[in-house]
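For reference, the structure is listed below as structure tokens.
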Amino acid sequence: MAVLQLGCGVYSVYIADRSGDIKIRELPFSSLHWTREEDAVSICELSLRQVDGGPDCCRYINGLFPWAYEIGVYRDSERVWTGPVTHVKTSGGDVNVTARDKMAWLFRRHVHNEH
């Protein structure tokens, strides 16, 4: 029987459309923290420096509006976390992005009774 090892893993973060399925742009993050919650909405926080991504990356970051896009976190090319962007804060050359997992949509958009 083969023994599988977890290894270190290589993480990548993408801006995605609101479905989370279509990757728009990889973000060159400088720090990344995400959680898993059993009975609550989990959170993902990442920081990046705009200068690290070049002018093209800055254009995407400037258009990264809350609830318009999602963040997808991948480990070794496998998606491990995804959810809508809820807050973007720019401070000097740094950008801090906060996202919540997909359950956050239920607090933002109410499901109609007939659905």
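Roughly how much of residue 89 is accessible, in Å² to the nearest 10, using a 1.4 Å probe?
Roughly 110 Å² of residue 89 is accessible to a 1.4 Å probe.
Where does each of 37, 70 land when they are ordered by accessible area, with a 1.4 Å probe and the largest first?
I get 37, 70, largest accessible area first.
Residue 87 accessible area, nearest 10 Å², 1.4 Å probe?
Only protein atoms counted, so the area is about 100 Å².
The values are calculated or read from the model by the stated rules, or taken from the named source; none is laboratory data. These numbers come from a predicted model, not from an experiment. Quick note on the areas: whole protein, heavy atoms, side chains included, nothing else; ligands and nucleic acids left out. Shrake-Rupley method; radii C 1.70, N 1.55, O 1.52, S 1.80 Å.
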